[in-house]
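Here is the structure we will look at.
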Amino acid sequence: AQRVTQPEKLLSVFKGAPVELKCNYSYSGSPELFWYVQYSRQRLQLLLRHISRESIKGFTADLNKGETSFHLKKPFAQEEDSAMYYCALTKTSYDKVIFGPGTSLSVIP
Amino acid sequence: DTGVSQDPRHKITKRGQNVTFRCDPISEHNRLYWYRQTLGQGPEFLTYFQNEAQLEKSRLLSDRFSAERPKGSFSTLEIQRTEQGDSAMYLCASSLTGSMNTEAFFGQGTRLTVV
């Protein structure tokens, strides 16, 4: 069965420092990978997806099939990046979305 | 607000009572999901629908849980004989399948407290 792991429950970085949130997955096929974000008192929302190869709010994520990873990176963290980040995958566009346990990012001013 | 809406936002119930939650997805979305989230955990998959058909139900889900989407629009999630372990945030999400855009849009959730 497919599974998503995020090894860090909490991550604190200083403003302006680089940030990397780790995500690993287990699935033998070619999944679709996503990062979702939940800001304080807001609903869960999509941040980015690997298929679009886009940069959103300065964040990027590269799918590494060899390491089965999809780490989220940003070169210079901002205070407004403080939030819960969830890595997620789906086997195909027609399958359910499975979420990881989440990483709480705190950016220290 | 044209996003996913859930009702009620909060529910406090006594152990043993039945509760029902409602989710109204984005109108053109054919896929609807239910998730459960407890403190410090990610959303845990419960079940999902494609139009009115229930495609999958989590094996971890007790028989006390049932969900319906009778006309392929809104959905209800019922929990019978609630237990304290059912206390959680219940999230609904919808998406449009069959396209490259598989983004799931979430509601604000229903927080259930069983006392």
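The values are calculated or read from the model by the stated rules, or taken from the named source; none is laboratory data. Because the structure is predicted, anything quoted here is derived from the model rather than measured. All Cβ positions, even for glycine, are placed from backbone atoms using ideal geometry, and neighbour counts span all protein chains on display. To get the accessible areas, we keep the full protein, side chains included, count just its heavy atoms, and leave off ligands, DNA and RNA. Shrake-Rupley method; radii C 1.70, N 1.55, O 1.52, S 1.80 Å.
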Residue pairs qualifying under the 8 Å Cβ cut-off, at least six apart or on distinct chains, with the first in region B:74-95 being assigned to a loop (DSSP other than H, G, I, E, B) and the second being of a type in the set (Gly, Ala, Ser), are B:Gln80/B:Ser66; B:Arg81/B:Gly16; B:Thr82/B:Gly16
Of the residues in region A:56-85 that are open to solvent by less than 70 Å² (accessible area, probe 1.4 Å), free of Cβ contacts under 8 Å to residues at least 60 places away in the same chain and over 19 Å from A:Ser30 (Cα atoms), the one that is nearest to the other protein chains (Cβ to nearest Cβ) is A:Met84
All-but-one check, A:Ala77 against (1) part of a strand (DSSP E or B); (2) at pLDDT 95 or above; (3) in contact with a Phe, Trp or Tyr (Cβ under 9 Å, 6 or more places away or on another chain), failing number (1)
If we ask which residues in region A:27-52 are closer than 12 Å to A:Phe70 by Cβ, in contact (Cβ under 8 Å) with a residue 40 or more places away in the chain and either more than 9 Å from chain B (Cβ to nearest Cβ) or open to solvent by 30 Å² or more (accessible area, probe 1.4 Å) (or both), their number turns out to be 4
When region B:1-20 is checked residue by residue, the ones that are within 14 Å of chain A (Cβ to nearest Cβ) and open to solvent by less than 10 Å² (accessible area, probe 1.4 Å) are B:Val4
Criterion first (free of Cβ contacts under 8 Å to residues at least 12 places away in the same chain and either over 23 Å from B:Ala104 (Cα atoms) or open to solvent by less than 40 Å² (accessible area, probe 1.4 Å) (or both)) does A:Lys15 satisfy it? no
Pairs returned, first residue in region A:86-103 that is more than 8 Å from chain B (Cβ to nearest Cβ) and open to solvent by less than 20 Å² (accessible area, probe 1.4 Å), second residue that is among the aromatic types (Phe, Trp, Tyr) and not in a strand (DSSP E or B), beta-carbon separation under 8 angstrom, 6 or more apart or interchain, are A:Leu89/A:Tyr27
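In region B:57-94, which residues are under 24 Å from A:Pro31 (Cα atoms) and at pLDDT 90 or above?
Within region B:57-94, B:Lys57, B:Ser58, B:Leu91, B:Cys92, B:Ala93, B:Ser94 meet the criteria.
Does B:Gly40 count as closer than 25 Å to A:Val37 by Cβ, touching a Lys or Arg at 6+ places or on another chain (Cβ under 8 Å) and small (Gly, Ala, Ser)?
Here the answer is yes, as B:Gly40 does meet what is asked.
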